[in-house]
Amino acid sequence: MLPAGGHAVYIDMDRFFRHTPNRMEDFRGIGLIIELIRRYGIRASEVGPFACEWDQKSEEQRQGILNLLRFAIPRNLYSQEHMDYAVAAVTELHENEHVIPKMKITRGASLRLRHFQAGLEPVYGFPVGSSGS
């Protein structure tokens with residue numbers, strides 16, 4: 001999202017996934033977070049359908065829910081090399097988006113603040129161009 005803020009950088013998940021479908025209920029922002037941690041040791045947070053409990057909302061309530069990934073950027077901590085590494089990691093995953101799983105909630109779907117307590121399981125291996133269902 002532009003312009004980038006002084007405290008965070010956001011990636012629009014609806015634009016990130018250009019070759020594989022990205023339905024809100026697939027929680028692929030969480031899948032991207034998993035791959036960032038697993039492959040590169042980079043942490044981010046999802047500010048979208050999982051955190052905002054999209055699947056628990058009415059159609060009207062769903063209208064305002066964005067589908068974003070947030071990277072906190074404390075300026076006094078990270079160097080240009082850190083930024084370059086994060087950009088390279090996100091770029092590589094963007095170019096290979098088919099490796100990013102959709103996610104299935106395995107426990108705690110209706111918990112309050114479920115993004116702190118719920119369990120999710122990745123669903124890997126759906127082919128490029130499929131809905132992953």
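The values are calculated or read from the model by the stated rules, or taken from the named source; none is laboratory data. Here the structure is a predicted model, which means the values were calculated and not measured. Don't worry about glycine lacking a Cβ; one is built from the backbone with ideal geometry, like all the others, and counts go over all protein chains shown. Side chains included, ligands, DNA and RNA excluded: accessible areas come from the protein's heavy atoms. Shrake-Rupley method; radii C 1.70, N 1.55, O 1.52, S 1.80 Å.
When residues in the range 105-125 are screened for being in contact (Cβ under 8 Å) with a residue 24 or more places away in the chain and among the charged types (D, E, K, R), 1 of them pass. So for the range 109-128 (the condition being touching a His at 6+ places or on another chain (Cβ under 9 Å), of a type in the set (Val, Ile, Thr) and either in a loop (DSSP other than H, G, I, E, B) or open to solvent by less than 60 Å² (accessible area, probe 1.4 Å) (or both)), does at least one residue qualify? Scanning the range 109-128 turns up at least one residue that is touching a His at 6+ places or on another chain (Cβ under 9 Å), of a type in the set (Val, Ile, Thr) and either in a loop (DSSP other than H, G, I, E, B) or open to solvent by less than 60 Å² (accessible area, probe 1.4 Å) (or both). Please state which one of Arg39, Arg15, Arg70 is within 25 Å of Pro122 (Cβ to Cβ), free of Cβ contacts under 8 Å to residues at least 24 places away in the same chain and either assigned to a loop (DSSP other than H, G, I, E, B) or charged (D, E, K, R) (or both). Only one candidate qualifies: Arg15. How many residues, within the range 42-55, are over 17 Å from Glu121 (Cα atoms) and among the small types (Gly, Ala, Ser)? Residues meeting the conditions: 2. Selection within the range 18-36: residues that are assigned to a helix (DSSP H, G or I) and out of contact with any strand residue (DSSP E or B) (no Cβ under 8 Å at 6 or more places or on another chain). The member of this set that is most open to solvent (accessible area, probe 1.4 Å) is Glu25. Mind listing whichever residues of the range 47-65 are touching a residue at least 24 places away in the same chain (Cβ under 8 Å) and open to solvent by 20 Å² or more (accessible area, probe 1.4 Å)? If the condition is that a residue be touching a residue at least 24 places away in the same chain (Cβ under 8 Å) and open to solvent by 20 Å² or more (accessible area, probe 1.4 Å), then Val47, Ala51, Glu53, Trp54, Asp55, Gln56, Arg62, Ile65 are the ones that fit. Here the condition is being modelled with pLDDT of 95 or more, part of a helix (DSSP H, G or I) and either under 16 Å from Phe17 (Cβ atoms) or over 14 Å from the mean Cα position of the chain (by Cα) (or both); of His82, His98, His94, it holds for His94 alone.
Filtering the range 81-103 for residues that are in contact with a Gly (Cβ under 8 Å, 6 or more places away or on another chain) and either open to solvent by 80 Å² or more (accessible area, probe 1.4 Å) or at positive phi (or both) leaves an empty set.
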